[in-house]
Amino acid sequence: MAIERIRQMTVEEYFAFDEASEYKNEYIDGEVYPMTGSTAYHAEIMINLGIALGLRLRGGGFHVYSSAMRNSVSPTRYLYPDLSIVRGEPALDEGAVNLFNPTLVAEVISPTTAARDRGFKREMYQSIPSLQVYLVIEQFEAQVEVDTRLDENWQTREYTGLDAIVPLPALDCDLPLKEIYDGISF
C-alpha cells in the first residue's frame, strides 16, 4: 500500500486523531501520513532487534522502545521508528507519549518505504540533536546501513551477510546481523 497524505491538521488535532486512530500516523509539517502494514519478516526482525539490543543494554542506563513510541523530530514533525533507544534518562512529554532524545532509531524497510526511510526520514532523524545512530534494516536480505554521527557530520557504512557485525560505540556494544535475522529465510 502506498503511503498517502490524509489532510492538513494542527499539531493538537494530530495528537487527538492519532490517539483515537486504529493505526499509527506520522505528522510532518501539518500533513498526516498513515503507517502501512508490515510483513511477517518485518515484525520478526523488529522483535529480534529489540531482544538483541535490549539484552546487551540491560542494566546499563538505556531505555529501549518499540514502534509504539512516537519520536518528536521538531515541534511540527512526529515519527514512529521501528525501534528507539535512549542512553540515560528519556525526555518525554507529560503523557509519556512523545520521546524527544533518542540516541538510536531504527527502521526496517520495505520496497514501499525504502526511498522514504533512506531519504527525507533519514534527514529528519539526523536533525535530532541527541541522535547518534540511525539504522536502516533490509527485510529481504541480510543488510544494514548504519549512519553514525561524527561531530556535525554523518558517516554511512553498510554491513552485509549474516556473519557481519555492526559496531555501535554510542551504545557500547556490537550487533551481529545473524541475531537481527534469526529465524528469517531469504
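Taking only the Cα atoms of the range 79-123, the ratio Rg/Rh comes out at 1.04, with Rh defined as the Kirkwood radius. Placing a label point 7 Å from the Cα of residue 36 along the Cα-to-Cβ line, the residues of the range 131-154 whose backbone N sits under 20 Å from it are 135-145.
For the range 20-77, GluC sites (Glu not before Pro) meeting the loop criterion (DSSP other than H, G, I, E, B) and having at most 13 other Cβ atoms within 10 Å: 22.
Could you state the accessible area per residue of the chain in Å², with a 1.4 Å probe and every protein chain left in place?
Each residue of the chain exposes 50 Å² on average to a 1.4 Å probe.
With angles folded into 0 to 90 degrees, how steeply does helix 11-20 sit against the dominant principal axis of the chain? Use alpha carbons for both and round to 10. Tilt relative to the chain: about 70 degrees.
Calculated mean residue ellipticity, 222 nm, the chain: -6500 deg cm²/dmol, from DSSP H runs (n ≥ 4) at -39500 (n - 2.57) each, averaged per residue and rounded to 500. Across the range 153-164, computed HN-Hα scalar couplings (Karplus, 6.51 cos²θ - 1.76 cosθ + 1.60, θ = phi - 60°) run 10, 10, 10, 10, 10, 10, 10, 10, x, 5, 8, 6 Hz from first to last residue, x flagging Gly and Pro. Against the empirical curve 2.2 N^0.38 Å, the C-alpha radius of gyration of the chain lands at a ratio of 0.99. Among the protein heavy atoms of the range 59-186, carbon and sulfur supply 50% of the accessible surface, probe 1.4 Å, non-protein parts ignored. Here the peptides 54-60, 140-146 are ranked by packing, the mean other Cβ count within 10 Å, and the order with the highest first is 140-146, 54-60. Averaged over residues, the count of other Cβ atoms within 10 Å places the peptides 65-78, 158-171 in the sequence 65-78, 158-171, highest first.
Sorted from longest to shortest, the spans of the Cα atoms of the range 88-167 along the three principal axes equal 41, 29, 22 Å.
Between residue 11 and residue 115, the distance separating the two model label sites (each 7 Å from Cα on the Cα→Cβ line) works out to 3.0 nm.
The values are calculated or read from the model by the stated rules, or taken from the named source; none is laboratory data. Quantities reported herein were computed from a predicted structural model and do not represent experimental measurements. With ideal geometry, Cβ positions are generated from the backbone for all residues, glycine too; neighbour counts draw on all protein chains shown. What goes into the accessible areas is simple: the full protein's heavy atoms, side chains included, and nothing from ligands, DNA or RNA. Shrake-Rupley method; radii C 1.70, N 1.55, O 1.52, S 1.80 Å.
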